[in-house]
Amino acid sequence: MINRTIALAKYKGTFEQPDIFGYYGGFGGAYIPEMLYPNVEELKSRYLKIMYEDDFQKEFRALLKDYVGRPSPLYHAKRLSEKHGTTIFLKREDLNHTGAHKINNTIGQLLLARRLGKHRIIAETGAGQHGVATATVCALMDMQCVVYMGEKDIERQAPNVARMKMLGATVIPATSGSKTLKDATNEAIRDWINNPVDTHYIIGSVVGPHPYPDMVARFQSIISEEMRWQLKEHTGSEFPTHVVACVGGGSNAAGAFYHYLEEFAVQLVAVEAAGCGIRSGMSAATTQLGKAGILHGSKSLVMQTEDGQVVEPHSISAGLDYPGIGPLHAHLYETGRALFLSATDEEAIDAAFELTRLEGIIPALESAHAIAGLDQLKLTSKDTVVVCLSGRGDKDMAAYMKAMGE
Ligand SMILES: *Cc1c(COP(=O)(O)O)cnc(C)c1O
């Protein structure tokens, strides 16, 4: 721990926010087609001012409290703790309205879009959680909503597709490439280029061109803001020894890490999806397999071939099935600020059953990867671990039933 603090000292101040060009160390920036310049510039010049205005904060906080149901509980998981010989708390983002952390960001961006004078919202979605969160808030605030979703994900996540439609959103299938999240993102970017004036694009993770990664991290930072005072209530200290979160693009992890990023004594642990195994050719463990490259508007680590073609990722969980990672996480990885682990499809399924049987909590398959990560940490009775339980498992019941042989 002391060694970590010394090794990281030279990076102090580089984690909590990017530089003025949107870089965290060597990662980030805004690599966008000329047609998107006005939109991204407008956002870049106004997001911080709008986000921290009193009336914005008042409206945002009130919705988080009364509509989302925040603060989400910090639950001491006693039986899970016993199994790992340590103290484990679960940050219950699964109890949020719509069932995951995504809604924190969606509400924030929609309030921002209204103040920018937009009346049409577009979004991309993988697991469908971000699409549902976006469609939900659009219904609440009477905005037109179009969600792009990979054709394969539409099949895998039928209940969420039905929810989006019931909420009044138009769901457009992305039929190119792997027909998953990265393809849906490409379609959404295309839409934004064609509708630059009236449309705001709500990106669902800490990815995309600057200022999205920073903006989304700030909206999700409510997770660790609450963790600090909740942990103090439970243990007398705001600081755990470990914070563990799964990483697709990295937004629940960014939110769970945020208020600990510069507290180097806290070990940050990110768990990626190894799919069928890192070296199986069917994986989504970006830091283990990726190289620096540009994907969806920013420079980060990207899974790619020798000549720079994006590799099709694989994970059993649609929300982690992404060949990139947010630039903040690329920086956390390169500097060693966070430990990056990965869990296979099988390990995630096992962890989901373990949590369900020990605590009576059915997690999202994404969140189950974070639980699986616990097995790889050498935890002792002196440790206090917070795991971000990013979402609930209702949407994954088909996969769980298959695992039970039903
Ligand atoms: C979308 C999603 C994720 C992955 O996205 P991040 O941006 O990495 O957080 C993880 N868990 C759940 C429940 C999700 O819906």
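In table form, for the structure just shown:
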read-out: Number of the exception - ALA343 against (1) under 16 Å from the mean Cα position of the chain (by Cα); (2) at pLDDT 95 or above; value: (1)
read-out: Count of region 43-60 residues which are part of a helix (DSSP H, G or I) and under 15 Å from PRO211 (Cβ atoms); value: 9
read-out: Residue in region 257-272 that is under 22 Å from the mean Cα position of the chain (by Cα), at positive phi and more than 16 Å from the ligand (Cβ to nearest atom) present; value: no
read-out: Output for region 172-206, where each listed residue is over 22 Å from VAL247 (Cα atoms) and within 16 Å of the ligand (Cβ to nearest atom); value: none
read-out: Neighbours by Cβ (under 7 Å, 6+ apart or cross-chain): first from region 69-98, without any contact (Cβ under 8 Å) to a residue 12 or more places away in the chain; second hydroxyl-bearing (Ser, Thr, Tyr) and buried (at least 20 other Cβ atoms within 10 Å of the Cβ); value: SER81/THR87
read-out: Among residues of region 192-210, those that are acidic (Asp, Glu) and crowded, with 17+ Cβ neighbours inside 10 Å, counted; value: 0
read-out: Matching helices (runs of 4 or more DSSP H) fully within region 178-297 where at least 2 residues are within 20 Å of THR106 (Cβ to Cβ); value: 181-194, 212-220, 222-235, 251-257
read-out: Qualifying position, being over 29 Å from THR14 (Cβ atoms) and modelled with pLDDT under 95, among ASP375, ASP396; value: ASP396
read-out: Region 375-396 - residue that is crowded, with 21+ Cβ neighbours inside 10 Å and assigned to a loop (DSSP other than H, G, I, E, B) and, of those, nearest to the ligand (Cβ to nearest atom); value: SER390
read-out: Unique match (being modelled with pLDDT of 95 or more, more than 23 Å from ALA135 (Cα to Cα) and in contact with a Gly (Cβ under 8 Å, 6 or more places away or on another chain)) among ALA7, ALA30, ALA100, ALA77; value: ALA30
read-out: Identity of the residue in region 207-228, under 15 Å from VAL385 (Cα atoms) and without any contact (Cβ under 8 Å) to a residue 60 or more places away in the chain, that ends up farthest from the ligand (Cβ to nearest atom); value: ARG228
read-out: Residue check for SER283: in contact with a His (Cβ under 7 Å, 6 or more places away or on another chain) and either more than 17 Å from VAL247 (Cβ to Cβ) or outside the structural domain of ALA123 (by TED's automatic domain parsing) (or both); value: yes
read-out: Breaking point among (1) surrounded by fewer than 24 Cβ atoms within 10 Å (Cβ to Cβ); (2) closer than 30 Å to LEU355 by Cβ, for GLY128; value: (1)
read-out: So PRO173, is it part of a strand (DSSP E or B), in contact (Cβ under 8 Å) with a residue 24 or more places away in the chain and not assigned by TED's automatic domain parsing to the domain that holds LEU74; value: yes
read-out: Restricting region 299-315 to residues that are in a loop (DSSP other than H, G, I, E, B) and surrounded by fewer than 24 Cβ atoms within 10 Å (Cβ to Cβ), the residue that is nearest to the ligand (Cβ to nearest atom); value: HIS314
read-out: Matching residues, region 346-388, being acidic (Asp, Glu) and under 18 Å from the mean Cα position of the chain (by Cα); value: GLU366
read-out: HIS296, sole failed condition from (1) in contact with a Pro (Cβ under 7 Å, 6 or more places away or on another chain); (2) within 16 Å of the ligand (Cβ to nearest atom); value: (1)
read-out: Residue within region 327-338 that is farther than 18 Å from GLU82 by Cα, assigned to a loop (DSSP other than H, G, I, E, B) and within 13 Å of the ligand (Cβ to nearest atom) present; value: no
read-out: Filter result (touching an Asp or Glu at 6+ places or on another chain (Cβ under 8 Å) and within 16 Å of the ligand (Cβ to nearest atom)) within region 231-249; value: CYS246, VAL247, GLY248
read-out: Qualifying residue in region 336-344 (condition: among the aromatic types (Phe, Trp, Tyr) and either touching a helix residue (DSSP H, G or I) at 6+ places or on another chain (Cβ under 7 Å) or not assigned by TED's automatic domain parsing to the domain that holds PHE89 (or both)); value: yes
read-out: Number of positions in region 69-108 that are crowded, with 22+ Cβ neighbours inside 10 Å and within 16 Å of the ligand (Cβ to nearest atom); value: 17
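The values are calculated or read from the model by the stated rules, or taken from the named source; none is laboratory data. Keep in mind that what you see is a predicted model, and the values were worked out from it rather than measured. So basically every Cβ, Gly included, is an ideal-geometry build from the backbone, and we count neighbours across all protein chains shown.
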